[in-house]
Amino acid sequence: MSAATPKPVLEAPPDVARLEGQAIVHEPGALRALLQGWRRGRPGLRVALVPTMGALHRGHLALCARAREVADVVVVSVFVNPAQFAPHEDLASYPRTLAADCRALAAEGVTLVYAPNAVDMYPEGFQTTVAVTQLAAGYCSLSRPHFFGGVAIVVLKLLNQVMADVAVFGEKDWQQLQIVQRMARDLDHPTEIVGAPLVRDDDGLALSSRNAYLDAATRAQALALPRALARLQAQVAAGARDSEALVAEASTAIQSAGGQVDYLAIADPTSLQPLRHIDRPARVLAAVYFGKTRLLDNVALASGAAS
Ligand code: PAF
């Protein structure tokens, strides 16, 4: 650790395994025992969970920074969750960079990494499902119908295993965040679900582990997505209110740059119901393929003066 490295408020004991300087556990039982010991030793200790699939970038580190602001102990889970990939998707090739992830997290003052194995998360005979029916009905589910069922079950398991006071999720996955918040509320989960703002690269592209799949030419094309959303945002700020026209214009701009729009919609930020007329705060939600890579993005629309 360098002198500038933030120290975790509470450090894992020396007998916990280290990877690249970062304390790490793999078994749910070991995780539970550690957390129980910490809580027993320090009543009132606040624990934050940051669930990830690894391949960490600055966006994830911003989630950790947010977690450190609201808790004494930050647990980052790293688990490439098979349940949220369909058989034809990129589970096998999804970037797995645990050592580099741990190096980055150690420098971020994270207390513990929890990297469970698939057999512990999904033991033989596993058959339980969780469905957040209405919020998961459209958008990402149109092309990935299995996705939110897989996300909901793994997030619920992680929430149960860590029993954190707070869990931090990125707003880049806006639909996912709404679903996780709804699930925690519907199931009376004590963990508070907190969203942290999407982080963009200097060129405007939303940070995502899947950006690693883009070559330079495709990445240049992909900038059409944040540009189209920024333009749409500016149009609404200037008084445009007709969703259909705005969505059509943004979609055309993205398609002419070589993107294939999976969905692009203007919706209520919480219910995710599509809005025809933008007469209140709204969210633009988009998923676009550039080559084989599917990128997500979203921006807030402030309705400003009613019209
Ligand atoms: O957003 C992600 O990285 C994943 O969907 C999550 C929440 C870690 C569940 O696997």
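Readers should treat all values here as calculations from the given coordinates under stated rules, not as data from a laboratory. Worth saying up front: this structure is predicted, and the values here are computed from it rather than measured. Cβ: placed from backbone, ideal geometry, glycine included. Neighbour counts: every protein chain shown.
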Exercise. In the range 145-155, how many are closer than 15 Å to residue 287 by Cβ, more than 10 Å from the ligand (Cβ to nearest atom) and not in a loop (DSSP other than H, G, I, E, B)?
Worked result: 0
Problem set entry | In the range 34-66, residue farthest from residue 204 (Cα to Cα) [restricted to those that are of a type in the set (Gly, Ala, Ser) and within 15 Å of the ligand (Cβ to nearest atom)] | 48
Problem set entry | Given (1) without any contact (Cβ under 8 Å) to a residue 60 or more places away in the chain; (2) in a helix (DSSP H, G or I); (3) in contact with a strand residue (DSSP E or B) (Cβ under 7 Å, 6 or more places away or on another chain), index of the condition residue 235 fails | (3)
Problem set entry | Count of the range 123-141 residues which are without any contact (Cβ under 8 Å) to a residue 60 or more places away in the chain and buried (at least 18 other Cβ atoms within 10 Å of the Cβ) | 3
Problem set entry | Of all residues making up the range 188-200, the number that are without any contact (Cβ under 8 Å) to a residue 60 or more places away in the chain and surrounded by 15 or more Cβ atoms within 10 Å (Cβ to Cβ) | 4
For this session: Give the residue, chosen from 33, 100, that is without any contact (Cβ under 8 Å) to a residue 60 or more places away in the chain, out of contact with any Cys (no Cβ under 8 Å at 6 or more places or on another chain) and surrounded by fewer than 16 Cβ atoms within 10 Å (Cβ to Cβ).
Result: 33
Exercise. So, of the residues in the range 45-66 that are of a type in the set (Gly, Ala, Ser) and in a helix (DSSP H, G or I), which turns out to be surrounded by the most Cβ atoms within 10 Å (Cβ to Cβ)?
Worked result: 59
Exercise. Given (1) more than 30 Å from residue 30 (Cβ to Cβ); (2) exposed (fewer than 15 other Cβ atoms within 10 Å of the Cβ); (3) not polar (S, T, N, Q), where does residue 213 come up short, assuming only one miss?
Worked result: (2)
For this session: Test residue 163 against the criterion of being at positive phi and among the aliphatic types (A, V, I, L, M), and give yes or no.
Result: yes
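Scanning the range 156-186 for residues that are part of a loop (DSSP other than H, G, I, E, B) and within 10 Å of the ligand (Cβ to nearest atom), which turns out surrounded by the fewest Cβ atoms within 10 Å (Cβ to Cβ)?
Keep residues of the range 156-186 that are part of a loop (DSSP other than H, G, I, E, B), which gives 163-165, 171-173.
Still in the list and also within 10 Å of the ligand (Cβ to nearest atom): 172-173.
Values: 172: 21, 173: 18.
Only one residue tops the list, namely 173.
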Exercise. In the range 72-97, what residues are among the polar types (S, T, N, Q) and either surrounded by fewer than 20 Cβ atoms within 10 Å (Cβ to Cβ) or within 14 Å of residue 10 (Cα to Cα) (or both)?
Worked result: 93, 97
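So which of 92, 106 ends up being without any contact (Cβ under 8 Å) to a residue 24 or more places away in the chain and out of contact with any Pro (no Cβ under 6 Å at 6 or more places or on another chain)? Walk me through how you get there before you give the answer.
On the way: 106 fails: without any contact (Cβ under 8 Å) to a residue 24 or more places away in the chain.
Testing whether each residue is without any contact (Cβ under 8 Å) to a residue 24 or more places away in the chain and out of contact with any Pro (no Cβ under 6 Å at 6 or more places or on another chain) leaves just 92.
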Exercise. What are the residue pairs meeting all of these: first residue in the range 145-165, first residue more than 12 Å from residue 51 (Cα to Cα), second residue charged (D, E, K, R) and more than 9 Å from the ligand (Cβ to nearest atom), Cβ atoms under 7 Å, and 6 or more apart or on different chains?
Worked result: 165/46; 165/192
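Any idea which of 27, 11, 69 is exposed (fewer than 15 other Cβ atoms within 10 Å of the Cβ) and either closer than 16 Å to residue 158 by Cα or within 16 Å of the ligand (Cβ to nearest atom) (or both)? Steps first, please.
On the way: 11 fails: either closer than 16 Å to residue 158 by Cα or within 16 Å of the ligand (Cβ to nearest atom) (or both); 69 fails: either closer than 16 Å to residue 158 by Cα or within 16 Å of the ligand (Cβ to nearest atom) (or both).
When all the criteria are applied, what remains is 27.
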